[in-house]
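Engineer: So that we are looking at the same thing, I have put the structure below in structure tokens.
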Amino acid sequence: MVSGVFHTSYESDMALRRTPAQKIRIVLFVLFILVFPFFANKYTLTLANQIAIATIGAIGLNILTGYTGQISLGQGGFMAVGAYTAGLLTVRWGVPWWGSIIIASLVTAVVGAIFGIPSLRLKGLYLAIATLAAQEIILWTVTHWKALTGGVEALVVPDPKFFGLRMNADFNFYWLAWALAGITALVTLNLFRTHYGRAFIAIRDQDIAAEVMGVDLFRYKLLAFGISSFFVGVSGALLAHYRSIVTWERFTLDVSVLYLAMIIIGGMGSVSGSLFGASFMTLLPALLTNMGRSLRKVFPAINSIMPFLQEATFGLVIILFLILEPEGLKKLWEDIKDYFRLWPFSY
Amino acid sequence: MDLFIQLTLTGLTNGAILALAALGFVLIYKSSDVINFAQGEFLLIGAYVMFSMLVQFSLPWTIGLVLTLLVAVGIGVVVERLVLRPLIGEPIISVIMATIGLSSLLRAIVSTIWGNQPRAFPSFIPSKPVHVLGATVGADRLWAIVIAGVMLFLFNLFFTRSKEGIAMRAVADDQQAAMSMGISVKRIFAWAWSIAAMTAAIGGALVANIVGVGPELAGFGLQVFPVVILGGLDSIPGAVVGGVIIGLLEAYVGGYIGMGLNQVIAFIVLILILMVRPYGLFGQEIIERV
């Protein structure tokens, strides 16, 4: 009779996939991802691509906020750095799209680390406010440095081509985005099996204790900002190439808030939680829009209040999750698994 | 010289409005350690409720203002009871996110009721231009300075003379000790939120009188951050001084340097202050080694 998952050796505790059931689920999930695009229509494919991009960004933010405990409201700004760098590299200097994604991610990592410097003196809400300032400053730079970014005008990025394939076509992009999301997830999962990852977690749990145990806070916090921003840059660059258009409106403070909501609703400090949160926050507005469409005949006024309804739902979902299930969808998922594992003797 | 006086006046009046928004913010932080990202929305609600009272119910502005303040108190209490109280003792990020969620919920409610088109506001404070030392400024802007001053005075009185004010400071200092002295911490939190909503409503009505009422009023919620960090998160005089300094700074930068730098200068100052002196000009210095 199983009463839970317990580890009897360090190997099993450290393993990436801890139980046979987990292995089966992962295989099923990967199969689903591989089969999905062949049955999906254009709309669901677009949604799936958005989820993949959001997952990469959410994992990035989770490394910083969920695992290292540094609250960041600068996600939108960092994504803007990734998107604009990728776009400008392709447009102005003719860098191939794959090269621009790599360079843009590295640039975002550096920018992230620079804005991470205040984290050495600040934590908690002061850091949140500092990153909020970072967000505003980055976005201001983007909209006012006309010579480089074109200011408030949209930057049009040429179609990414790969052996003649248009990579920003939904079907082709799907493979690129989900492959990168998979790599991001694997890298992150493994990151937290190394001493770097454990240092991040130690900083989150008790920074002073971590320093006493020899974790160089200066180095590791900057590293956390850098690694996190790297993935955020990947998602920003992907967004630039997928949408073919980069405008500052896509990277406002609302985006930072959206991503924080993703990791809180999904589960802080968890890769699967990032996926859950990214899916939830991408599908929820789509679901609402569709519901609005089908209710239009019965209730014609719904069109005019739809945007407000979206915003209200967004706020309400955040508040309700924080009050009712602060550990997010990941915890709900664990609870469901526990229920079936322990059934019928769940006490 | 004329430009200088003009800019100074504009800066002072903007600063006074910022200070009003910041007062409520500081009050909430001081008593309950909560950073309120929905302060701008409180301003917005205040402005729209006042608008309804004046235009839709065509009440005289005195009764309208009193009713608006009552609505604000109600909203403050409800928000505290439903959203913030269940989160007492939760990590900072949860509280921050809850107030962010609250801000988007409130914004949505406001847009559902009043739409999101900016509208003209019937000026209940005279807004005729007044000439001061060769510069021209709307009379309502000067009133903003006066009202901010009065509010500061009242707040000081409240915190030093009234039982609730002293209790609030006690709670801010040490919740457990305050509780053992028979102070109801929950009631104090409710007080703090309703007073904050009230000051925001007054600020909102003032801004609406000056620039009209529209959803972009909520933008004040973000501009409050540089103000409170500069003044010190837990200092009431700091909120006013910070508001005035930031207001003047933005006016001078906008007037003398331009290039839109005035939109971001406050945040640059914010980062610098956080690096050098996180507790601000008048904030309580808590030595926290990170």
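What follows is calculated from the coordinates using simple rules that are stated; it is not laboratory data. Note that the structure is predicted; figures quoted are calculated from it, not measured. All Cβ positions, even for glycine, are placed from backbone atoms using ideal geometry, and neighbour counts span all protein chains on display.
Engineer: Send over the per residue convex hull volume for the stretch A:246-335, Cα only, as a whole number of Å³. Intermediate values should be presented prior to the final figure.
Structural biologist: Values: hull volume 11.1 nm³, N = 90.
Measuring per residue, one finds 123 Å³ for the Cα hull of the stretch A:246-335.
Engineer: Using DSSP to call loops (not H, G, I, E or B), can you name the chymotrypsin sites (Phe, Trp or Tyr not before Pro) in the stretch B:36-139 whose Cβ has at most 14 other Cβ atoms within 10 angstrom? Display every interim value, and only then the final one.
Structural biologist: Details: sites: B:Phe37, B:Phe42, B:Tyr48, B:Phe51, B:Phe57, B:Trp61, B:Trp114, B:Phe124; in loops: B:Phe37, B:Phe57, B:Phe124.
Hits after loop and neighbour filter: B:Phe57.
Engineer: Still on this structure, I have one more. Using the alpha carbons of the stretch B:155-277, what is the convex hull volume per residue in cubic angstrom, as a whole number? Don't skip to the answer; put the middle values down first.
Structural biologist: Working: hull volume 15.8 nm³, N = 123.
Measuring per residue, one finds 129 Å³ for the Cα hull of the stretch B:155-277.
Engineer: What does the helix-only formula give at 222 nm for chain A: each DSSP H stretch with n ≥ 4 adding -39500 (n - 2.57), the total divided by the residues, and the result rounded to the nearest 500 deg cm²/dmol?
Structural biologist: Numbers: 15 runs with 250 residues, N = 347.
Rounded to the nearest 500, it is -24000 deg cm²/dmol.
Engineer: Membrane-span-like helices in chain A: DSSP H runs reaching 18 Å or more (Cα, own axis), mean Kyte hydropathy at least -1.0?
Structural biologist: Working: long enough: A:20-39 (28 Å, 1.91); A:42-61 (28 Å, 1.08); A:75-93 (26 Å, 0.68); A:97-115 (26 Å, 1.98); A:125-144 (28 Å, 1.28); A:170-191 (30 Å, 1.14); A:217-243 (38 Å, 0.97); A:253-266 (19 Å, 2.21); A:271-295 (36 Å, 0.98); A:302-324 (30 Å, 1.90); A:328-342 (21 Å, -0.71).
Span-like helices, by this rule, are A:20-39, A:42-61, A:75-93, A:97-115, A:125-144, A:170-191, A:217-243, A:253-266, A:271-295, A:302-324, A:328-342.
Engineer: Separation between the A:Leu191 and A:Ala154 pseudo-spin-labels, each 7 Å from Cα along Cα→Cβ, expressed in nm?
Structural biologist: 3.2 nm
Engineer: Further question on the same structure: Placing unit charges on C-beta atoms (Lys and Arg positive, Asp and Glu negative, everything else neutral), compute the dipole magnitude of chain B about its Cα centre in debye, rounded to 20.
Structural biologist: In total the dipole reaches around 420 debye.
Engineer: Hey, in the GNM for chain B with a 10 angstrom Cα cutoff, which one of B:Leu69, B:Leu44, B:Leu106 fluctuates hardest?
Structural biologist: Per the Cα network of chain B with a 10 Å cutoff, B:Leu106 tops the list.
Engineer: I would also like to ask the following. On the first, second and third principal axes, largest extent first, how far apart are the outermost C-alpha atoms of chain A in Å?
Structural biologist: Cα spread of chain A along its principal axes, largest to smallest: 64, 58, 44 Å.
Engineer: Collect residues whose amide H, placed 1.01 Å from N in the peptide plane, falls under 5 Å from the amide H of A:Ile245; neighbours closer than 5 in sequence don't count.
Structural biologist: Long-range HN contacts for A:Ile245: A:Val157.
Engineer: Right, something else. Picking from A:Asn290, B:Ala251, A:Leu16, whose Cα lies most toward the positive end of the charge dipole for the protein assembly as shown (charges on Cβ: Lys, Arg +1; Asp, Glu -1)?
Structural biologist: Working it through, the farthest residue towards the positive pole turns out to be A:Asn290.
Engineer: Quick one: if you stick a label point 7 Å off each Cα along the C-beta vector at A:Trp98 and A:Met14, how many nm between them?
Structural biologist: 3.3 nm
Engineer: Positive end of the charge dipole of the protein assembly as shown (Lys, Arg +1 and Asp, Glu -1 on Cβ, about the Cα centre): tell me which of A:Phe321, B:Thr199, B:Ile63 has its Cα farthest that way.
Structural biologist: Comparing the listed Cα positions along the dipole, A:Phe321 ranks first.
Engineer: Could you size up the charge dipole of the protein assembly as shown around its Cα centre, putting +1 on the beta carbon of Lys and Arg and -1 on that of Asp and Glu, and report it in debye to the nearest 20? Could you put the intermediate results ahead of the total?
Structural biologist: Numbers: 39 positive and 32 negative charges, 203 e Å.
For the protein assembly as shown, the charge dipole is close to 980 debye.
Engineer: For the stretch B:271-276, what does the Karplus curve 6.51 cos²θ - 1.76 cosθ + 1.60, with θ = phi - 60°, yield as ³J(HN,Hα) per residue in whole Hz, taken in order and with x for Gly and Pro?
Structural biologist: Running phi through 6.51 cos²θ - 1.76 cosθ + 1.60 with θ = phi - 60° gives 5, 4, 5, 4, 6, 9 Hz.
Engineer: With the Cα gyration tensor of the stretch A:116-171 in hand, give its eigenvalues times 5 under a square root as the equivalent ellipsoid semi-axes, listed largest first in whole angstrom.
Structural biologist: On the way: eigenvalues 246, 65, 16 Å².
Over the Cα atoms of the stretch A:116-171, the ellipsoid semi-axes are 35, 18, 9 Å.
Engineer: Which of A:Tyr174, A:Tyr259, A:Tyr126 moves most in a GNM of chain A, Cα contacts under 10 Å?
Structural biologist: Taking springs between Cα atoms under 10 Å, the residue moving most is A:Tyr126.
Engineer: Continuing with the same structure: So what's Rg/Rh here for the protein assembly as shown, counting alpha carbon atoms and using the Kirkwood radius for Rh?
Structural biologist: Dividing the radius of gyration by the Kirkwood radius yields 0.98.
Engineer: Next up: Considering only A:Gly99, A:Gly76, A:Gly226, give the residue with the highest GNM mean-square fluctuation for chain A, with springs between Cα atoms whenever their separation is below 10 Å.
Structural biologist: A:Gly99
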